[in-house]
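Shown next, in structure tokens, is the structure this report addresses.
Any read-out appearing in this document is the output of simple, stated calculations on the displayed coordinates, not a laboratory observation. Because the structure is a prediction, the values reported are computed rather than measured. No Cβ is skipped: glycine too gets one built from the backbone with ideal geometry, and neighbour counts run over all protein chains shown.
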Amino acid sequence: MSKFCESDHSHHRPSFVKVDHGDDIVFVFGSTFMRSHVKIRGTFTEEEDELSRTVMSYWGNFARTGSPNGAGLTHWPMYGAGGEYLEIGLKQQVGNHLRADRFTFWTETLPKKIQEKQQQRSDEL
């Protein structure tokens, strides 16, 4: 699992909007390197060029080997019970339990309510 954390600097949007769905596409397909008359967006920084190289390496490795990991890349952990994922941005880092606060209802509240209801039913019998 991953979370893309970087939007190209040329995007003009409100400050509360960080990264939109699809913002990674510019970096996946190397659009930062298009210096000719065909451009998807404006100019890109050297850091954004490097991010594009990194993202293309992850995706290329995955297509070739089934694993995104490779030499010189931050290790992209396999998602599992530990909840590790890769945050992809100008600097890559491993995170834990992506948006765990948004899952509280499903992981704590609902199971507790179900257990309470089951206990209530067994007490009635």
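Assorted remarks:
- Under 26 Å from the Cα of residue 3 - lysines, other chains or at least 8 residues apart: 18, 39, 91
- Close amide H pairs (under 5 Å, H built 1.01 Å from N) link residue 4 with 88, residues at least 5 positions away or on another chain.
- Two-decimal Rg to Rh for segment 44-125 - Kirkwood Rh, Cα set: 1.29
- Model label sites at residue 45 and residue 63, defined 7 Å from Cα along the beta-carbon direction, differ in position by 2.8 nm.
- Sites residue 1 and residue 125 - FRET efficiency at Förster radius 35 Å, r taken between beta-carbons, to 0.05: 0.25
- FRET efficiency estimate (nearest 0.05) - Cβ-Cβ, residue 117 to residue 56, R0 41 angstrom: 0.20
- Packing-based exposure ordering (other Cβ within 10 Å, fewest first) of 62, 27, 105: 105, 62, 27
- Here the Karplus curve 6.51 cos²θ - 1.76 cosθ + 1.60, taken at θ = phi - 60°, turns the phi angles of segment 108-116 into couplings of 10, 4, 4, x, 5, 5, 5, 4, 4 Hz, with x standing for Gly and Pro.
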